[in-house]
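K.L.:
Let me give you the structure first, and then I'll get to my questions.
None of the figures in this text is laboratory data; all of them are computed from the coordinates on show. Bear in mind the structure is a predicted one, so any value in this text is a computation, not a measurement. In this analysis, Cβ positions are derived from the backbone assuming ideal geometry, glycine residues included, and neighbour counts consider all displayed protein chains.
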Amino acid sequence: SSQQASHDEL
Amino acid sequence: MNIFRLAGDMTHLMSVLVLLLKIHTIKSCAGISLKTQELYALVFAARYLDIFTHYYSLYNTVMKLIFLGSSFSILWYMKRHKVVRRSYDKDQDTFRHHFLVLPCLVLALLINEKFTFKEVMWTFSIYLEAVAILPQLVLLQRTRNVDNLTGQYVFLLGAYRGLYIINWIYRYFAEPTYSTHWITWISGLLQTLLYADFFYYYINSVKNNVRLQLPA
């Protein structure tokens, strides 16, 4: 999901 | 993972290593703001709540462990180490950093992508990271004469934020599933802008090969 796309960053 | 993101993570990692190197080998934390270090530890603790519940990649997990471990060891050195803690500029490091935490928490409760505990904490960490460097910048301005390692530490942190912005632009065009992320983008842009003034003086000092001196 798009939610996770920004959460895979540190 | 693109090259900008990797370069951003590596400069971020180097900034922490430079700081630990300074503290560990010179046994000094002069010029380093404990307030900023406390805020960073809080940022990582709030953001990485998913470390054991959601698996992204080995890279992601290892880097999270390094950032958590290094930020709490820096705190330990500055507060508990019998030699290092004596070099802390307590009287100069007076920024009221607690007053940054509450507004960031309130903002995260009001403006977030999803109203769940983990998501609000994640958003809080994004807002807090944007302003966490402020006590450090104020301390640098007060001490004015900045030693090389401290200057490099702040420069590397700023470079990390700048590279992350390029990474977001790249992802926006290169990844079909990557949508807009206003919360991270605006916070990241604000955070990078806070370094602008410092960057100007830092690059001048490197160019002229003189010690970094900030104006009063």
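K.L.:
Using a Förster radius of 25 Å, what is the FRET efficiency between B:Asn145 and B:Leu193 based on their Cβ-Cβ separation? Nearest 0.05, please.
P.N.:
About 0.50, to the nearest 0.05.
K.L.:
So between B:Asp91 and B:Arg211, what do we pick up on full extension, going 0.36 nm a residue minus the alpha carbon distance?
P.N.:
40.9 nm
K.L.:
Further question: How high is the FRET efficiency from B:Ile166 to B:Leu75, r the C-beta distance, R0 25 Å, rounded to 0.05?
P.N.:
0.25
K.L.:
Could you tell me how many degrees, from 0 to 90 and to the nearest 10, lie between the Cα long axis of helix B:58-80 and the main elongation axis, the longest principal axis, of the Cα atoms of chain B?
P.N.:
Taking the Cα atoms of chain B, the angle to B:58-80 is about 30 degrees.
K.L.:
Send over the Kirkwood Rh of the protein assembly as shown, from the inverse of the averaged 1/r over different Cα pairs, rounded to one decimal Å.
P.N.:
Every distinct Cα pair counted, the radius reaches 18.2 Å.
K.L.:
Could you tell me what fraction of 2.2 N^0.38 Å the Cα radius of gyration of region B:1-127 comes to, as a two-decimal ratio?
P.N.:
In units of the 2.2 N^0.38 Å rule of thumb, it is 1.16.
K.L.:
Here's a follow-up. What are the extents of the Cα atoms of region B:78-131 along their three principal axes, listed from largest to smallest and rounded to whole Å?
P.N.:
45, 19, 14
K.L.:
Could you tell me the center-to-center distance, by alpha carbons, between region B:122-193 and region B:1-46 in angstrom?
P.N.:
First find each Cα centre; the distance between them is then 12 Å.
K.L.:
Follow-up. Averaged across orientations, what area in nm² does the convex hull of the alpha carbons in region B:24-84 project?
P.N.:
The directionally averaged projection comes out at 4.7 nm².
K.L.:
Sticking with this one: Charges at C-beta only: +1 for Lys and Arg, -1 for Asp and Glu. How large is the resulting dipole of region B:1-117 about its Cα centre, in Debye rounded to 20?
P.N.:
440 debye
K.L.:
Moving on to the next point. With everything on Cα atoms, drop me the angle between helix B:34-47 and the longest principal axis of chain B, reported from 0 to 90° to the nearest 10.
P.N.:
20 degrees
K.L.:
For region B:127-216, what log10 I(q)/I(0) values come out of the Debye formula at q = 0.20, 0.25, 0.26 1/Å, with one point per alpha carbon and no solvent?
P.N.:
Ignoring solvent entirely, the Cα scatterers give -0.92, -1.24, -1.31.
K.L.:
Which is farthest toward the positive dipole end of chain B among B:Val43, B:Ser71, B:Phe173, measuring Cα position about the Cα centre, with Cβ charges +1 (Lys, Arg) and -1 (Asp, Glu)?
P.N.:
Value computed over the given set: B:Ser71.
K.L.:
Size of the dipole of the protein assembly as shown about the Cα centre, Lys and Arg at +1 and Asp and Glu at -1 on the beta carbon, nothing else charged, in debye to 20?
P.N.:
Charge dipole, the protein assembly as shown, about its Cα centre: 860 debye, nearest 20.
K.L.:
To the nearest 10 degrees, how steeply does helix B:134-143 sit against the main Cα axis of chain B, on a 0 to 90 scale?
P.N.:
It is inclined by approximately 20 degrees.
K.L.:
Per residue of B:1-9, count partner chain C-beta atoms within 10 Å of its C-beta, then hand back the mean as an integer.
P.N.:
Partner-chain Cβ atoms within 10 Å, mean over residues of B:1-9: 1.
K.L.:
Okay, moving on. Partner chain Cβ atoms within 10 Å, averaged over the residues of B:54-61 - can you pull that number for me?
P.N.:
Per residue, the average neighbour count from other chains is 2.
K.L.:
Return, for the Cα atoms of chain B, the radius of gyration and Dmax in Å, separated by a comma.
P.N.:
When restricted to the Cα atoms of chain B, Rg and Dmax are 17.4, 53 Å.
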